[in-house]
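The values are calculated or read from the model by the stated rules, or taken from the named source; none is laboratory data. As the structure is a computational prediction, the values presented were derived from the model and not from experiment. Neighbour counts run over all protein chains shown; Cβ positions are idealised from the backbone, glycine included. Just the protein is used for accessible areas: all its heavy atoms, side chains included, with ligands, DNA and RNA removed. Shrake-Rupley method; radii C 1.70, N 1.55, O 1.52, S 1.80 Å.
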Amino acid sequence: MKIAVLSGGVGGARFLRGLTSVVDSREMTIIGNVADDLEILGLHVSPDLDSVLYALAGLSDEERGWGRADESWNALATVAELSGDAWFKLGDRDIGLHLVRTQMLSEGATLTEATARLVAAYGLGFELLPATNDPLRTFLETAAGTFPFQTWFVERGHRDEVDAVHYAGAPDATPSPGVVEAIAGAALIVITPSNPYVSIGPILAVSAIRDALAARDAPCVAVSPLIGGQAVKGPADRMLTRLAGGTTPAHVAGCYPGLIDALVYDEADAPAELPQDVRGLVTRTLMSDDGARRRLAQAVLDAGAAVT
Ligand code: FO1
(Lines give C-alpha, C1' and ligand atoms only; values in the text may rest on other atoms or scores of the structure.)
Protein backbone atom coordinates (compact mmCIF):
# COMPACT_ATOMS: atom_id res chain seq x y z
CA MET A 1 0.00 0.00 0.00
CA LYS A 2 1.56 3.26 -1.12
CA ILE A 3 1.70 5.90 1.62
CA ALA A 4 2.51 9.58 1.20
CA VAL A 5 3.56 11.33 4.39
CA LEU A 6 3.80 15.09 4.94
CA SER A 7 6.40 15.51 7.64
CA GLY A 8 8.12 18.10 9.76
CA GLY A 9 11.32 17.46 11.71
CA VAL A 10 11.52 16.10 15.24
CA GLY A 11 7.90 14.92 15.81
CA GLY A 12 7.62 13.75 12.22
CA ALA A 13 10.81 11.74 12.44
CA ARG A 14 9.72 10.04 15.68
CA PHE A 15 6.39 9.13 14.12
CA LEU A 16 8.03 7.80 10.96
CA ARG A 17 10.13 5.42 13.02
CA GLY A 18 6.88 3.86 14.19
CA LEU A 19 5.41 3.86 10.71
CA THR A 20 8.37 1.95 9.30
CA SER A 21 7.71 -0.76 11.88
CA VAL A 22 4.20 -1.40 10.52
CA VAL A 23 4.59 -0.72 6.79
CA ASP A 24 7.26 -1.55 4.22
CA SER A 25 9.36 1.59 3.98
CA ARG A 26 9.72 1.02 0.21
CA GLU A 27 6.02 1.93 -0.03
CA MET A 28 6.61 5.28 1.69
CA THR A 29 7.17 8.65 0.10
CA ILE A 30 8.00 11.27 2.71
CA ILE A 31 7.41 14.88 1.69
CA GLY A 32 9.57 16.98 3.97
CA ASN A 33 9.47 20.60 5.08
CA VAL A 34 12.32 22.71 3.73
CA ALA A 35 11.17 26.15 4.87
CA ASP A 36 13.38 26.02 7.97
CA ASP A 37 16.47 25.27 5.88
CA LEU A 38 19.33 27.71 6.33
CA GLU A 39 22.68 28.64 4.88
CA ILE A 40 25.15 28.93 7.72
CA LEU A 41 28.98 28.83 7.72
CA GLY A 42 28.73 28.28 3.97
CA LEU A 43 26.73 25.09 4.47
CA HIS A 44 23.22 24.27 3.33
CA VAL A 45 21.42 22.73 6.31
CA SER A 46 18.03 21.04 5.90
CA PRO A 47 17.07 20.30 9.52
CA ASP A 48 13.74 18.59 8.88
CA LEU A 49 14.99 16.36 6.06
CA ASP A 50 17.97 15.47 8.24
CA SER A 51 15.86 14.67 11.31
CA VAL A 52 13.92 12.18 9.16
CA LEU A 53 17.05 10.78 7.55
CA TYR A 54 18.94 10.33 10.82
CA ALA A 55 15.93 8.86 12.64
CA LEU A 56 15.22 6.28 9.96
CA ALA A 57 18.90 5.43 9.56
CA GLY A 58 19.11 4.82 13.33
CA LEU A 59 21.66 7.61 13.71
CA SER A 60 19.66 10.27 15.54
CA ASP A 61 20.16 11.60 19.02
CA GLU A 62 17.03 10.28 20.73
CA GLU A 63 16.90 12.88 23.45
CA ARG A 64 17.51 16.02 21.41
CA GLY A 65 15.43 14.70 18.51
CA TRP A 66 17.70 16.49 16.03
CA GLY A 67 21.28 15.89 14.96
CA ARG A 68 23.29 12.72 15.43
CA ALA A 69 23.95 10.45 18.38
CA ASP A 70 27.52 10.19 19.71
CA GLU A 71 28.12 13.69 18.45
CA SER A 72 31.18 15.81 19.19
CA TRP A 73 31.38 19.57 18.84
CA ASN A 74 35.00 20.37 18.00
CA ALA A 75 34.34 22.26 14.79
CA LEU A 76 31.69 24.36 16.55
CA ALA A 77 34.15 25.16 19.36
CA THR A 78 36.58 26.49 16.76
CA VAL A 79 33.80 28.53 15.15
CA ALA A 80 33.06 30.05 18.57
CA GLU A 81 36.77 30.76 19.20
CA LEU A 82 36.81 32.66 15.92
CA SER A 83 33.57 34.53 16.74
CA GLY A 84 31.75 32.78 13.91
CA ASP A 85 28.09 31.77 13.84
CA ALA A 86 28.02 29.25 16.68
CA TRP A 87 24.42 29.84 17.80
CA PHE A 88 23.16 27.06 15.51
CA LYS A 89 24.76 23.95 16.91
CA LEU A 90 26.27 21.85 14.16
CA GLY A 91 28.04 18.76 15.45
CA ASP A 92 31.11 17.28 13.78
CA ARG A 93 29.32 14.24 12.38
CA ASP A 94 26.40 16.36 11.21
CA ILE A 95 28.76 18.80 9.47
CA GLY A 96 30.06 15.93 7.35
CA LEU A 97 26.61 15.49 5.83
CA HIS A 98 26.18 19.22 5.27
CA LEU A 99 29.54 19.35 3.48
CA VAL A 100 28.49 16.59 1.10
CA ARG A 101 25.04 18.11 0.48
CA THR A 102 26.45 21.60 -0.03
CA GLN A 103 29.01 20.28 -2.52
CA MET A 104 26.31 18.45 -4.47
CA LEU A 105 24.16 21.59 -4.58
CA SER A 106 27.10 23.77 -5.64
CA GLU A 107 27.83 21.30 -8.46
CA GLY A 108 24.30 21.78 -9.74
CA ALA A 109 22.31 18.97 -8.11
CA THR A 110 18.81 19.84 -6.98
CA LEU A 111 17.87 19.33 -3.33
CA THR A 112 15.75 16.37 -4.51
CA GLU A 113 18.81 14.76 -6.14
CA ALA A 114 21.10 15.51 -3.21
CA THR A 115 18.57 14.11 -0.73
CA ALA A 116 18.05 10.96 -2.81
CA ARG A 117 21.80 10.35 -2.81
CA LEU A 118 21.97 10.72 0.98
CA VAL A 119 19.03 8.33 1.44
CA ALA A 120 20.70 5.81 -0.89
CA ALA A 121 24.07 6.20 0.83
CA TYR A 122 22.48 5.13 4.10
CA GLY A 123 20.86 2.17 2.33
CA LEU A 124 17.32 3.31 3.09
CA GLY A 125 14.39 2.15 1.00
CA PHE A 126 11.90 5.01 1.25
CA GLU A 127 11.66 8.08 -0.91
CA LEU A 128 12.39 11.39 0.84
CA LEU A 129 11.33 14.40 -1.21
CA PRO A 130 11.80 18.04 -0.30
CA ALA A 131 8.40 19.71 -0.68
CA THR A 132 9.98 22.04 -3.21
CA ASN A 133 13.36 22.77 -4.77
CA ASP A 134 12.47 26.43 -4.99
CA PRO A 135 13.46 28.93 -2.27
CA LEU A 136 10.77 28.71 0.42
CA ARG A 137 11.44 30.10 3.90
CA THR A 138 9.30 30.61 6.99
CA PHE A 139 9.32 34.01 8.69
CA LEU A 140 7.70 34.78 12.04
CA GLU A 141 6.17 38.15 12.66
CA THR A 142 6.48 39.14 16.33
CA ALA A 143 6.35 42.33 18.43
CA ALA A 144 10.17 42.27 18.48
CA GLY A 145 10.44 42.09 14.68
CA THR A 146 10.10 39.64 11.81
CA PHE A 147 12.61 36.78 11.98
CA PRO A 148 13.68 33.88 9.76
CA PHE A 149 12.59 30.59 11.30
CA GLN A 150 15.88 29.46 12.84
CA THR A 151 16.65 32.93 14.23
CA TRP A 152 13.30 32.91 16.01
CA PHE A 153 13.39 29.25 16.99
CA VAL A 154 17.01 28.61 17.96
CA GLU A 155 18.80 31.94 18.36
CA ARG A 156 15.91 33.61 20.23
CA GLY A 157 14.64 30.35 21.79
CA HIS A 158 11.11 30.93 20.31
CA ARG A 159 10.44 33.33 23.19
CA ASP A 160 8.62 35.89 21.03
CA GLU A 161 4.89 35.32 20.66
CA VAL A 162 3.98 34.98 17.00
CA ASP A 163 1.48 37.38 15.44
CA ALA A 164 1.68 35.94 11.93
CA VAL A 165 3.58 33.36 9.88
CA HIS A 166 4.82 34.07 6.35
CA TYR A 167 6.17 31.63 3.82
CA ALA A 168 8.52 33.66 1.64
CA GLY A 169 8.72 32.28 -1.88
CA ALA A 170 5.49 30.29 -1.60
CA PRO A 171 3.62 32.03 -4.45
CA ASP A 172 6.33 31.00 -6.93
CA ALA A 173 7.21 27.62 -5.41
CA THR A 174 6.39 24.48 -7.34
CA PRO A 175 6.38 20.97 -5.87
CA SER A 176 9.59 19.04 -6.32
CA PRO A 177 9.44 16.18 -8.85
CA GLY A 178 7.37 13.27 -7.58
CA VAL A 179 5.49 15.11 -4.82
CA VAL A 180 2.15 15.56 -6.58
CA GLU A 181 2.43 12.07 -8.09
CA ALA A 182 3.05 10.57 -4.63
CA ILE A 183 -0.05 12.26 -3.21
CA ALA A 184 -2.19 11.31 -6.21
CA GLY A 185 -0.95 7.72 -6.24
CA ALA A 186 -1.13 7.02 -2.51
CA ALA A 187 -3.63 4.68 -0.89
CA LEU A 188 -3.16 6.65 2.34
CA ILE A 189 -1.88 10.14 3.05
CA VAL A 190 -0.56 10.97 6.52
CA ILE A 191 0.24 14.28 8.20
CA THR A 192 2.71 13.66 11.03
CA PRO A 193 2.34 15.07 14.58
CA SER A 194 4.21 18.23 13.64
CA ASN A 195 3.61 21.93 14.18
CA PRO A 196 0.81 22.90 11.75
CA TYR A 197 2.23 26.42 11.27
CA VAL A 198 5.95 25.97 10.88
CA SER A 199 6.32 22.34 9.80
CA ILE A 200 3.26 21.35 7.76
CA GLY A 201 2.10 24.89 6.89
CA PRO A 202 5.04 25.58 4.57
CA ILE A 203 4.43 22.34 2.65
CA LEU A 204 0.78 23.27 2.17
CA ALA A 205 1.80 26.82 1.21
CA VAL A 206 2.98 25.34 -2.10
CA SER A 207 -0.36 25.72 -3.86
CA ALA A 208 0.04 22.72 -6.17
CA ILE A 209 0.68 20.49 -3.13
CA ARG A 210 -2.36 21.88 -1.31
CA ASP A 211 -4.44 21.41 -4.50
CA ALA A 212 -3.24 17.80 -4.87
CA LEU A 213 -4.22 17.10 -1.28
CA ALA A 214 -7.59 18.79 -1.67
CA ALA A 215 -8.24 16.66 -4.78
CA ARG A 216 -7.13 13.41 -3.10
CA ASP A 217 -8.73 10.04 -3.77
CA ALA A 218 -7.12 8.44 -0.74
CA PRO A 219 -7.97 9.19 2.89
CA CYS A 220 -5.76 11.72 4.64
CA VAL A 221 -5.11 11.15 8.35
CA ALA A 222 -3.43 13.79 10.53
CA VAL A 223 -1.97 13.16 13.96
CA SER A 224 -2.35 15.94 16.50
CA PRO A 225 0.99 17.15 17.91
CA LEU A 226 -0.71 18.18 21.19
CA ILE A 227 -1.41 16.11 24.31
CA GLY A 228 -3.87 17.58 26.79
CA GLY A 229 -3.73 20.78 24.73
CA GLN A 230 0.03 21.06 25.22
CA ALA A 231 3.00 20.53 22.98
CA VAL A 232 5.35 17.74 24.05
CA LYS A 233 8.19 20.06 23.02
CA GLY A 234 8.31 23.37 21.18
CA PRO A 235 5.93 26.24 20.57
CA ALA A 236 2.98 24.52 18.81
CA ASP A 237 0.56 25.04 21.73
CA ARG A 238 1.41 28.73 22.11
CA MET A 239 1.05 29.24 18.37
CA LEU A 240 -2.32 27.48 18.22
CA THR A 241 -3.62 29.47 21.18
CA ARG A 242 -2.62 32.73 19.57
CA LEU A 243 -3.26 32.03 15.90
CA ALA A 244 -6.13 29.51 16.00
CA GLY A 245 -7.80 30.56 19.27
CA GLY A 246 -7.27 27.30 21.18
CA THR A 247 -5.52 23.96 21.46
CA THR A 248 -8.33 21.38 21.20
CA PRO A 249 -8.37 18.71 18.50
CA ALA A 250 -10.90 20.90 16.66
CA HIS A 251 -8.36 23.73 16.54
CA VAL A 252 -5.73 21.34 15.16
CA ALA A 253 -8.18 19.97 12.56
CA GLY A 254 -9.05 23.58 11.69
CA CYS A 255 -5.48 24.07 10.45
CA TYR A 256 -6.21 21.57 7.66
CA PRO A 257 -9.61 22.64 6.28
CA GLY A 258 -10.88 20.27 3.60
CA LEU A 259 -7.54 18.48 3.64
CA ILE A 260 -7.99 15.70 6.21
CA ASP A 261 -10.55 12.94 6.70
CA ALA A 262 -9.46 11.84 10.16
CA LEU A 263 -7.56 13.20 13.13
CA VAL A 264 -5.78 10.89 15.56
CA TYR A 265 -5.57 12.59 18.94
CA ASP A 266 -4.67 11.77 22.50
CA GLU A 267 -7.04 10.38 25.09
CA ALA A 268 -6.13 13.39 27.27
CA ASP A 269 -7.97 15.57 24.71
CA ALA A 270 -11.08 13.37 24.52
CA PRO A 271 -13.94 13.80 24.11
CA ALA A 272 -13.58 16.32 21.31
CA GLU A 273 -15.98 17.78 18.83
CA LEU A 274 -14.43 17.79 15.37
CA PRO A 275 -15.52 19.39 12.11
CA GLN A 276 -18.24 17.28 10.44
CA ASP A 277 -15.98 16.03 7.67
CA VAL A 278 -13.26 14.84 10.09
CA ARG A 279 -13.51 11.54 11.93
CA GLY A 280 -11.70 11.27 15.26
CA LEU A 281 -9.64 8.40 16.55
CA VAL A 282 -8.56 8.52 20.18
CA THR A 283 -5.40 6.77 21.33
CA ARG A 284 -2.23 7.44 23.26
CA THR A 285 -0.04 9.63 21.12
CA LEU A 286 3.06 10.08 23.31
CA MET A 287 5.88 8.44 21.33
CA SER A 288 7.93 7.42 24.34
CA ASP A 289 9.34 4.12 23.04
CA ASP A 290 9.25 1.72 20.09
CA GLY A 291 6.02 0.10 21.27
CA ALA A 292 4.23 3.44 21.68
CA ARG A 293 5.45 4.58 18.25
CA ARG A 294 4.27 1.34 16.64
CA ARG A 295 0.83 1.56 18.28
CA LEU A 296 0.39 5.15 17.13
CA ALA A 297 1.35 4.22 13.57
CA GLN A 298 -1.11 1.32 13.65
CA ALA A 299 -3.84 3.70 14.90
CA VAL A 300 -3.16 5.91 11.88
CA LEU A 301 -3.52 2.94 9.53
CA ASP A 302 -6.76 1.99 11.33
CA ALA A 303 -8.08 5.56 11.01
CA GLY A 304 -7.30 5.48 7.28
CA ALA A 305 -9.10 2.14 6.88
CA ALA A 306 -12.11 3.47 8.80
CA VAL A 307 -12.70 6.31 6.35
CA THR A 308 -12.38 4.29 3.15
N1 FO1 B 1 17.59 23.06 17.47
C2 FO1 B 1 17.92 23.79 18.55
O3 FO1 B 1 17.06 24.02 19.40
N4 FO1 B 1 19.18 24.32 18.71
C5 FO1 B 1 20.17 24.10 17.80
O6 FO1 B 1 21.27 24.59 17.96
C7 FO1 B 1 19.86 23.28 16.66
C8 FO1 B 1 20.81 22.94 15.72
C9 FO1 B 1 20.47 22.05 14.68
C10 FO1 B 1 21.44 21.63 13.78
C11 FO1 B 1 21.13 20.76 12.76
C12 FO1 B 1 19.82 20.30 12.64
O13 FO1 B 1 19.51 19.44 11.66
C14 FO1 B 1 18.84 20.71 13.52
C15 FO1 B 1 19.15 21.59 14.56
N16 FO1 B 1 18.19 22.00 15.46
C17 FO1 B 1 18.53 22.78 16.53
C18 FO1 B 1 16.80 21.59 15.32
C19 FO1 B 1 16.02 22.50 14.36
O20 FO1 B 1 16.28 23.86 14.50
C21 FO1 B 1 14.52 22.38 14.58
O22 FO1 B 1 14.16 21.30 15.37
C23 FO1 B 1 13.78 22.23 13.31
O24 FO1 B 1 14.18 23.10 12.33
C25 FO1 B 1 12.27 22.38 13.57
O26 FO1 B 1 11.63 21.37 12.92
**Report entry** 222 nm mean residue ellipticity, helices alone, for the chain (DSSP H n ≥ 4; -39,500 (n - 2.57); rounded to 500)
**Finding:** -10000 deg cm²/dmol
Query - Net charge of neighbours whose Cβ lies under 14 Å from the Cβ of Pro193, counting Lys and Arg as +1 and Asp and Glu as -1 - result: +2
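Cα convex hull of the chain: how many Å³ per residue? Before the final figure, lay out the partial values.
Details: hull volume 36.8 nm³, N = 308.
That works out to 119 Å³ per residue.
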Query raised in the report: Just the accessible area per residue of the chain, please: how many Å² with a 1.4 Å probe?
Result: 42 Å²
Report summary line: Expressed in nanometres to one decimal, the distance between label points 7 Å along Cα→Cβ at Glu113 and Thr241 is 4.7 nm
Report task. Under 1.5 on a/c is rounded, so check that first for the stretch 1-110, then, if it is not, pick prolate when a/b is larger than b/c and oblate when it is not; a ≥ b ≥ c are the square roots of the alpha carbon gyration tensor eigenvalues. Result -> prolate
Report summary line: Note on the stretch 220-302: C-alpha Rg/Rh, Kirkwood Rh, two decimals, gives 0.94
Query raised in the report: Going 7 Å from the Cα of Ser72 in the Cα-to-Cβ direction, what parts of the stretch 91-108 have a backbone nitrogen less than 16 Å from that spot?
Result: 91-97
Report task. Kindly work out what percent of the DSSP beta bridges joining two residues of the chain are antiparallel, to the nearest 5. Result -> 40 percent
Report task. Treating the angle as unsigned and between 0 and 90°, give the value, to the nearest 10°, between the Cα long axis of helix 47-56 and the longest Cα principal axis of the chain. Result -> 70 degrees
**Report entry** Contour excess over end-to-end distance, with Cα ends at Ala187 and Ala80 and 0.36 nm allotted per residue
**Finding:** 33.7 nm
Query - Per-peptide average of other Cβ atoms within 10 Å, ordering 27-39, 100-112 highest first - result: 27-39, 100-112
Report task. Evaluate the relative contact order of the stretch 170-308 (contact order divided by residue number), counting alpha-carbon pairs under 8 angstrom at least 6 apart; express in whole percent. Result -> 21 percent
Query raised in the report: Once you put a point 7 Å from the Cα of Ala208 and another 7 Å from the Cα of Trp87, both along the Cβ direction, what distance in nm separates them?
Result: 3.5 nm
Report summary line: So Ala168 and Ala305, fully extended at 0.36 nm per residue minus their Cα-Cα distance, gain in nm 45.7 nm
Query raised in the report: What angle do you read, to the nearest 10 degrees and between 0 and 90, between the alpha-carbon axis of helix 290-306 and the longest principal axis of the chain?
Result: 50 degrees
**Report entry** Part-to-part distance (alpha-carbon centres) for the stretch 110-183 and the stretch 205-223, which is given in Å
**Finding:** 17 Å
Query - Positive-end extreme of charge dipole, the chain - chosen from Ala4, Gln230, Thr308 (charges on Cβ) - result: Thr308
Report summary line: Expressed as a percent, the accessible surface of the chain that is carbon or sulfur, using a 1.4 Å probe and the full set of protein chains, is 51 percent
